[in-house]
Amino acid sequence: MSSDLAGVWEVALSDGVHRIEFEHGTTTGKRVIYVDAKEVLRRDWMFKLVGKETFSVGQADTKATINIDAVSGFAYEYTLEINGKSLKQYMENRSKVTSTWLLNLDGIDCRVVLEKDTMDIWCNGEKIETAGEFVDDGTETHFSLGDHSCCVKAVSSGKRRDGIIHTLLVDGTEVAECTE
């Protein structure tokens, strides 16, 4: 990393939390983007110092754009958009369409993510094979993490505003959901 580091963002996707770093050389016109410390874009000698750079993040190739705007004189503002939304809007929407649990199984930290629209389950960046079934009070999505039997129960809250409540059970014990 050089001294041209202009912005750093942490973006939580289903396959993990990704760190995005942006270097902007305002004297050389250089633009460099790193995702998880790996260089994904480099432009040297850009004479136009404002504009936008678009790139992909994560296994699902989620579209990300860094906007470079002049604030005053030689001061610049950098904003990150994910799938066309500001990072704040994206994260607010994401909390509605996913559930995330952080747990430790056999000494290994696990980040389990449920995508509510597809009922896909991810653990530490890997999509997990699941088996879904209908039960009396909703649905159960079964999967394994190591030697542990896991299940995401989806039951109606009975209240329209709250919708469906998703609960993770590991070996029959409920795990508290976290907010990212």
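The values are calculated or read from the model by the stated rules, or taken from the named source; none is laboratory data. Keep in mind it's a predicted model, so treat the numbers as computed, not measured. Cβ coordinates were reconstructed from backbone atoms using ideal geometry, including for glycine residues, and neighbour counts include every protein chain displayed. Side chains included, ligands, DNA and RNA excluded: accessible areas come from the protein's heavy atoms. Shrake-Rupley method; radii C 1.70, N 1.55, O 1.52, S 1.80 Å.
Here is a list: 173, 167. Which entry is in contact with an Asp or Glu (Cβ under 8 Å, 6 or more places away or on another chain) and polar (S, T, N, Q)?
Numbers: 173 fails: in contact with an Asp or Glu (Cβ under 8 Å, 6 or more places away or on another chain).
Being in contact with an Asp or Glu (Cβ under 8 Å, 6 or more places away or on another chain) and polar (S, T, N, Q) holds for just one of 173, 167, which is 167.
Set side by side, the residues 27, 54 differ, and just one is of a type in the set (Val, Ile, Thr), part of a strand (DSSP E or B) and either touching a residue at least 60 places away in the same chain (Cβ under 8 Å) or open to solvent by 10 Å² or more (accessible area, probe 1.4 Å) (or both), which is 54.
Among all positions in the stretch 90-110, there is at least one residue which is free of Cβ contacts under 8 Å to residues at least 40 places away in the same chain, over 19 Å from residue 9 (Cα atoms), in contact with a strand residue (DSSP E or B) (Cβ under 8 Å, 6 or more places away or on another chain) and open to solvent by 80 Å² or more (accessible area, probe 1.4 Å). Restrict the check to the stretch 130-146 and report whether at least one residue is among the polar types (S, T, N, Q), assigned to a loop (DSSP other than H, G, I, E, B), modelled with pLDDT under 95 and at negative phi. No, because not a single residue in the stretch 130-146 is among the polar types (S, T, N, Q), assigned to a loop (DSSP other than H, G, I, E, B), modelled with pLDDT under 95 and at negative phi.
Per-residue answers, yes or no, for (1) of a type in the set (A, V, I, L, M, F, W, C); (2) in a helix (DSSP H, G or I); (3) not assigned by the TED database to the domain that holds residue 36:
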{"residue": "71", "(1), (2), (3)": "yes, no, no"}
{"residue": "100", "(1), (2), (3)": "no, no, yes"}
{"residue": "114", "(1), (2), (3)": "yes, no, yes"}
{"residue": "121", "(1), (2), (3)": "yes, no, yes"}
{"residue": "155", "(1), (2), (3)": "yes, no, yes"}
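Taking (1) within 17 Å of the chain's Cα centre (by Cα); (2) in the same structural domain as residue 167 (by the TED database) in turn, residue 11 satisfies each apart from (2). Scoring residue 150 on the criteria (1) touching a residue at least 60 places away in the same chain (Cβ under 8 Å); (2) in contact with a Ser or Thr (Cβ under 8 Å, 6 or more places away or on another chain) leaves a single failure, condition (1).
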